[in-house]
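This report refers to the structure that appears directly beneath it.
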Amino acid sequence: MRVIVVGAGVLGTMHAWQAVERGHEAVHLERETEARGASVRNFGLVWVGGRAAGEELAAALRARDLWERIGERVPGLWFRPNGSLTVVRTDAELAVAEQAVKLPDAAERGYRLLDAAETRALNPALRGSFLGALHCERDAAVEPRVAQPALRAALEASGRYTFLPGREVREVVGEHAVRDDHGQLHEGDLVVLCTGAWLGGLVRELAPELPVRRVRLQMMQTDPLDGPLTTSVADGDSFRYYPAYGGSALDALRAARPQPAVAAEHRMQLLMVQRRDGGLTIGDTHEYDQPFGFDVVEEPYEHLAAVAEELLDRPLPRIRRRWAGVYAQCTDTTRVVHRERLRDGVWLVTGPGGRGMTCSPAIAETTADLAGL
């Protein structure tokens with residue numbers, strides 16, 4: 001079988017991976033020379049801990065296993081099962097963590113509640129003042145800026161994979177073919193469109209009532225830290241963002257301690273991950289109302305830097321990169337992804353939101369099963 005995959009972000013690349021893994025040929029088209037969207041503008045987190053119980057958690061756990069297997073074969077991903085610490089600094093945040101470790105699926109998530117000494121023992125870079133942390137052993141990370149090229153190199157070694165960059169698909173022809181902006185027809189047995197946050201043009205023609213929206217974020221990256229950050233790190237505001245933590249304790253936290261104005265305005269949480277070169281990726285914000293600004297705003301960066309410095313108890317290394325990104329999210333945020341068969345042999349897969357890096361291997365596996373690969 002010959003599979004045509006459109007879009008070379010992590011979701012499209014994982015669909016190509018599934019095709020090749022199952023013995024098929026994959027032709028992979030990308031309108032840029034490389035993926036430049038949300039797939040390279042994220043933390044590289046394989047984030048299990050905060051996922052909603054049920055379908056979302058199941059997808060994240062399956063994807064976590066698949067990432068580890070793929071990482072063993074593709075060392076360039078720098079997959080690492082580093083786990084995460086959600087640091088708690090108030091009694092109200094501690095109550096949310098205490099409620100989390102009592103969830104029926106807490107063991108599946110790898111939850112443990114640590115006191116301050118245990119938190120510092122696990123991650124000595126955290127020298128600040130806090131009460132403890134919720135440890136999620138199942139969380140992991142990869143390197144987002146190099147993940148797609150590393151995966152493609154492994155795919156090319158199969159002899160059944162062709163990457164065609166600089167090709168924007170303009171038309172879906174019949175049930176098994178696409179035509180690009182060079183006028184070239186690419187025929188196969190199955191077409192999978194993984195177009196990310198590109199929701200206009202051809203996508204709008206094919207799915208005019210697409211239940212997907214765009215979300216904008218801001219992030220930054222530092223020079224190398226003066227030592228290892230042994231886990232990924234989140235602050236207590238992440239409890240407000242991830243659905244796993246909903247409940248009476250979270251309600252009490254929201255009532256007792258509203259977010260600072262800048263954090264509330266920009267719908268912020270602190271996430272912090274160390275890159276392979278020692279630098280820290282730090283974010284992020286969430287903006288939902290379009291049209292989005294074309295510039296980045298400084299106040300959120302100042303807030304994130306202040307929180308990170310409090311946890312580390314020292315100044316951050318020099319900020320060397322700031323960026324904005326846009327990803328596609330289902331308007332019904334309880335859905336893991338929007339997967340639609342547009343016609344026989346043509347599937348559209350988009351809208352995983354902030355789950356894209358985490359869940360893409362499992363999403364692609366499910367598409368392959370449904371499409372009969």
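The values are calculated or read from the model by the stated rules, or taken from the named source; none is laboratory data. Note that the structure is predicted; figures quoted are calculated from it, not measured. Don't worry about glycine lacking a Cβ; one is built from the backbone with ideal geometry, like all the others, and counts go over all protein chains shown. Surface areas here come from the heavy atoms of the whole protein model, side chains and all, with no ligands, DNA or RNA. Shrake-Rupley method; radii C 1.70, N 1.55, O 1.52, S 1.80 Å.
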Assigned charges on the beta-carbon of Lys, Arg, Asp, Glu; the chain dipole about Cα centre (debye): 360 debye
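Averaged over every viewing direction, what's the projected area of the C-alpha convex hull for the chain? Give it in nm², one decimal, please.
On the way: hull surface 70.4 nm².
Mean shadow area of the hull around the Cα atoms is 17.6 nm².
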Does anyone have the angle between helix 298-312 and the longest principal axis of the chain? Alpha-carbon axes, 0 to 90°, nearest 10? 60 degrees
With everything on Cα atoms, drop me the angle between helix 10-21 and the longest principal axis of the chain, reported from 0 to 90° to the nearest 10. 60 degrees
Leaving out ligands, DNA and RNA, and with a 1.4 Å probe, what % of the accessible surface on region 239-373 is carbon or sulfur? 48 percent
Largest fluctuation, T334, T195, T119 only, Gaussian network model of the chain with Cα springs under 10 angstrom, belongs to T334
Interchain or sequence-distant (5+) residues whose placed amide H lies within less than 5 Å of the amide H of V46 are A140, A141, V142
Charge dipole (region 5-114, unit charges on Cβ, about Cα centre) - positive-most of A16, V88, A35: V88
Could you report the chain's accessible area per residue, 1.4 Å probe, as an integer in Å²? 40 Å²
With θ set to phi - 60° and the Karplus curve 6.51 cos²θ - 1.76 cosθ + 1.60, what are the ³J(HN,Hα) couplings of region 71-81 in order, to the nearest whole Hz, using x for Gly and Pro? x, 5, 8, 10, x, x, 5, 6, 5, 9, x
Cα centroid of region 297-372 to Cα centroid of region 90-113, whole Å: 24 Å
I need the phi-derived Karplus couplings for region 342-356: 6.51 cos²θ - 1.76 cosθ + 1.60, θ = phi - 60°, integer Hz, Gly and Pro marked x. 6, 6, 4, x, 10, 10, 10, 10, 7, x, x, x, x, 8, x
In region 79-218, what percent of the accessible surface is made up of carbon and sulfur (1.4 Å probe, ligands and nucleic acids excluded)? 48 percent
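Using only helices, what value at 222 nm comes out for the chain when you add -39,500 (n - 2.57) per DSSP H run of length 4 or more and divide by the total residues, to the nearest 500 deg cm²/dmol?
About -9500 deg cm²/dmol.
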Roll a 1.4 Å probe over the protein heavy atoms and report the accessible area of D189 in Å², nearest 10. 80 Å²
Sequence order, region 152-163: Karplus ³J(HN,Hα) from phi using 6.51 cos²θ - 1.76 cosθ + 1.60, θ = phi - 60°, Hz rounded, Gly and Pro as x, gives 5, 4, 5, 5, 4, 5, 6, x, 10, 9, 10, 9
